[in-house]
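The values are calculated or read from the model by the stated rules, or taken from the named source; none is laboratory data. No experiment lies behind these values; they were computed from the predicted model shown. Virtual Cβ from ideal backbone geometry, glycine too; neighbours counted across all protein chains shown. Ligands, DNA and RNA are stripped out before the accessible areas are found, and what is left, the full protein with its side chains, is counted by its heavy atoms. Shrake-Rupley method; radii C 1.70, N 1.55, O 1.52, S 1.80 Å.
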Amino acid sequence: MVNENPFKSILKTLERPDGGEFGKYYSLPALNDPRIDKLPYSIRILLESAIRNCDEFQVKSKDVEKIIDWENTSPKQVEIPFKPARVLLQDFTGVPAVVDLACMRDAMNSLGGDSNKINPLVPVDLVIDHSVQVDVARSENAVQANMELEFQRNKERFAFLKWGSNAFHNMLVVPPGSGIVHQVNLEYLGRVVFNTNGILYPDSVVGTDSHTTMIDGLGVAGWGVGGIEAEAAMLGQPMSMVLPGVVGFKLSGKLRDGVTATDLVLTVTQMLRKHGVVGKFVEFYGEGMGELSLADRATIANMSPEYGATMGFFPVDHVTLHYLKLTGRSDDTVSMIESYLRANKMFVDYSEPQIERVYSSNLELNLEDVEPCVSGPKRPHDRVPLKEMKADWHSCLDSKVGFKGFSIPKESQGKVAEFSFHGTPAQLRHGDVVIAAITSCTNTSNPSVMLGAALVAQKACELGLEVKPWVKTSLAPGSGVVTKYLEKSGLQKYLNQLGFHIVGYGCTTCIGNSGDIDEAVASAITENDLVAAAVLSGNRNFEGRVHPLTRANYLASPPLVVAYALAGTVDIDFETEPIGVGKDGKEVFFRDIWPSNEEVAKVVQSNVLPDMFKATYEAITKGNPMWNHLSVPSGTLYSWDPTSTYIHEPPYFKSMTMSPPGPHGVKDAYCLLNFGDSITTDHISPAGSIHKDSPAARYLMEHGVDRRDFNSYGSRRGNDEVMARGTFANIRIVNKLLGGEVGPKTVHIPSGEKLSVFDVSMRYKSEGHDTIILAGAEYGSGSSRDWAAKGPMLLGVKAVIAKSFERIHRSNLVGMGIIPLCFKPGEDTETLGLTGHERYSIELPSSVSEIRPGQDITVVTDNGKSFTCTLRFDTEVELAYFDHGGILQYVIRNLISAKQ
């Protein structure tokens, strides 16, 4: 039941500068509350949303008061509801979201409800960025060839999404080949301010990819959530969130010559990781802001998941307005945005005196202190100054196996592997680069680093340097705009000359879609046990993610990717050692090919133009021939094809009734997996290629799919049978039950057999046994992946007991009905003497009314051990989801029982 908004008295009219009106808005200044002036800008967006949506039912006046009193309430971890202005889906995560919506319509039908009620109630932007598998790299026709291969592989998935765009109202689908979702969001989809039915309000967005945070660089509050949370938001449910603390990050000074935005973001990432910002907003401010382009800001905001923050927020200022005009937003739209934000105290004008805002804690960085750097070899926050890279590399070879170690014996470190590359004698050593990729949403939105890379290529080509032919080079821009300015500048030809041909517009190497490397190179690596390297301008470099054969993976700026490709190794000191020998026989050094900031700025200024953005995004609305020729079924209910290996009806709503199942404990459960710290969603969720000997491969072959047509797990996210089999299938996963053995297996405790995780879980299911997972700190860190929660649920996991959880993953576990428990501080499996061979019982009250968020729960094992854990249902709403067996079941029952 919708009540009248108690804040209707502060609904004001926003006048146009030249007369007339833009519309009405809920005015924060009209509250006459001095606390609002001290609020961080990011919190003001939460406040406006609560006021505008206040109905004393889903959003209450007391929620508004909690946000206004943020300085006092945020340290207390209070709960607030939040309704984002829109939802952003990337196609890999969008497919399961549309699958679930289609299933929910079926469930509504079977329970006697109106299936057409299942429609997005807030705008949904779904971008098919189709994560290009780099099959074709070094060729002029790479884009077209890869695109044709993608349509061959993913025709069924694309057709399903095209059906969804017709079947569901309020959903915009951006067709394949347009760009990476986050760059399309930044350049085209981001509204900054909405005007809906004459009501003005700030743009805010939750997206099903953790790098949704890139939009924070545009002053739009956005962050990643699980697909499960996103679906609920689409259906009008408020997101329940803990009112976050805000870290104020002051920037001063200016970047030194030769230092890139990527160097800055890797520095910021390390600082914020060290400070500890998990679950918090970070808000940037200070006089240094004027020295950062919008693209630089977006680069920093994009990496929020890597430093652990919910958001890295840059309030709107004159730099933002300039970018909006550059990217083709109309003058009238930009005028409306500026007028609204100024009127509602959400605009920063650095030419005016600043009112000091209150932050939970503070950090400061002088931009002049940033130096060139890379991160790796296995984690994005392990920053290495470029001048220390060679020494750090040798330290990694020496150190024991870990985040900074490979444990290579001294006598083997100089090993040279001789091999024949297409008839030419070749050599590989530890640290040699076999993949060099300019990729990912983080950097490919930034003209300064993209054109900087092109200038490096130009200088190298003019000096006669070449990249060795066995290095797999690729360039995957975030949008077609990049191609336009690279071509206009005349620099793309130099990138091509070095092998950096454009392979497509989408996620590539960063998500594991680097494709195969040459068989001769692969054999040389495996036969000689070499630690081969990949250098990429990405944001993720966790083990096993980039390519199974590159054990060392370094994140670097696009210009540095080109430099390392030319050097052919990470075992080099750029200060003292030459990159190569030029055509005149003289040694060429790093300094000889590195452009100055002035050179880069000049090329950006003359080649990045508004018309490029307008032309690129006008083309999006027309689609492309391959997309336009897809034939799709009509009708609002989907006709499931039981033979499909791409789109399959999952069992979430089988036997669902109108009565909630209520809370459930765990009785005598076996431990399916026993983990240490830092188990990421890359370890849990199916990602990358499907291994030929995996349970998923067996399933596909049994269904007549040839190995060459396996495609990736990402492309098959709409099939729960494949995804369940790929859960915990990461080749680098370390499970303590295996006693040091690495790989996707576990032990069936009763028999002692070692089998795939899927096979063991199915055996437990057939025997009628529940399972749990034991884990260390930061369980579920990394990308926000709903399959990291859906997969364990389908495997029969009932609870996860960990030292700590990543924010989104814990929420997703709750959404799928899995109980998250935390060991008490100072306790873990080691201190409690747990081996994982015990059986575990977790007793919960039989009524949800008797459970409180964060209460203590006793866990008992069959060998007499007993310990107390914290129940990590953090809000009353999460308890309601658990009572219903999951968030989607909760939504269906509420839609059916709601008064018409």
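Summary table
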quantity: Cα-centre dipole for the chain with unit charges at Cβ (Lys and Arg positive, Asp and Glu negative), debye to 20; calculated: 880 debye
quantity: Compactness of region 547-671 as Cα Rg over 2.2 N^0.38 Å, two decimals; calculated: 2.06
quantity: P(r) of region 443-566 over all Cα-Cα pairs, binned every 10 Å from zero, in whole percent; calculated: 13, 45, 32, 9, 0
quantity: Sequence-distant residues sharing a close amide H with G286 (under 5 Å, placed H); calculated: L251
quantity: About the Cα centre, charge dipole magnitude for region 243-371 (Lys/Arg +1, Asp/Glu -1 at Cβ), debye; calculated: 440 debye
quantity: Partners for K410 among lysines (Cα-Cα distance below 26 Å; same-chain residues under 8 apart left out); calculated: K378, K387, K390, K400
quantity: Karplus-derived 3J(HN,Hα), 6.51/-1.76/1.60, for each residue of region 607-619, Hz, glycine and proline x; calculated: 10, 9, 10, x, 4, 5, 5, 4, 5, 4, 8, 5, 5
quantity: Estimated dipole of region 409-608 in Debye, rounded to 20 [Cβ of Lys and Arg +1, of Asp and Glu -1, Cα centre]; calculated: 600 debye
quantity: Label-point separation, L637 to E876 (7 Å along Cα→Cβ), nm; calculated: 3.7 nm
quantity: Amide H contacts of T508 (H built 1.01 Å from N, under 5 Å, at least 5 apart or other chain); calculated: S440
quantity: Over region 243-371, volume per residue of the alpha carbon convex hull, in Å³; calculated: 118 Å³
quantity: Inter-site label distance for E352 and E287 at 7 Å from Cα along Cβ, in nm; calculated: 2.0 nm
quantity: Residue list for region 230-269, given a label point 7 angstrom along the Cα-to-Cβ vector of K62 and an amide N cut-off under 17 Å; calculated: 240-243
quantity: Other-chain or far-sequence residues with amide H under 5 Å of T473's (modelled H); calculated: A436
quantity: Highest average packing first - 790-803, 759-772, Cβ atoms within 10 Å; calculated: 790-803, 759-772
quantity: For the chain, calculated [θ]222 nm from helices alone, where every DSSP H run of n ≥ 4 adds -39500 (n - 2.57); calculated: -9500 deg cm²/dmol
quantity: Residue-normalised accessible area of the chain, given per residue in Å² at a 1.4 Å probe; calculated: 36 Å²
quantity: Rounded, prolate or oblate (a/c below 1.5 giving rounded, otherwise prolate when a/b exceeds b/c) for region 84-242 by Cα gyration tensor; calculated: oblate
quantity: Under Karplus coefficients 6.51, -1.76 and 1.60, residue-wise ³J(HN,Hα) of region 195-207 in Hz, glycine/proline x; calculated: 10, 10, 6, x, 9, 9, 7, x, 5, 8, 8, 10, x
quantity: Normalised per residue, the volume of the convex hull around the Cα set of the chain (Å³); calculated: 163 Å³
quantity: Net charge contributed by nearby residues that have their C-beta within less than 13 Å of L341 (K/R +1, D/E -1); calculated: -1
quantity: Fully extended contour minus Cα-Cα distance, from D611 to A391, at 0.36 nm per residue; calculated: 74.5 nm
quantity: Net charge contributed by nearby residues that have their C-beta within less than 15 Å of R429 (K/R +1, D/E -1); calculated: -2
quantity: The chain - percent of accessible surface contributed by carbon and sulfur, probe 1.4 Å; calculated: 49 percent
quantity: Charge dipole (region 84-242, unit charges on Cβ, about Cα centre) - positive-most of M108, G227, F158; calculated: M108
quantity: FRET efficiency estimate (nearest 0.05) - Cβ-Cβ, S849 to E21, R0 56 angstrom; calculated: 0.70
quantity: Relative contact order for the chain, counting Cα pairs under 8 Å that sit 6 or more residues apart, in percent; calculated: 13 percent
quantity: Estimated inter-spin distance, E487 and K325, nm [label 7 Å along Cα→Cβ]; calculated: 2.7 nm
quantity: Calculated from backbone phi, Karplus (6.51, -1.76, 1.60) coupling profile of region 590-597 in Hz, x at Gly/Pro; calculated: 3, 5, 6, 10, 8, x, 7, 4
quantity: Cβ-defined net charge surrounding N541, 13 Å radius [Lys, Arg +1; Asp, Glu -1]; calculated: +4
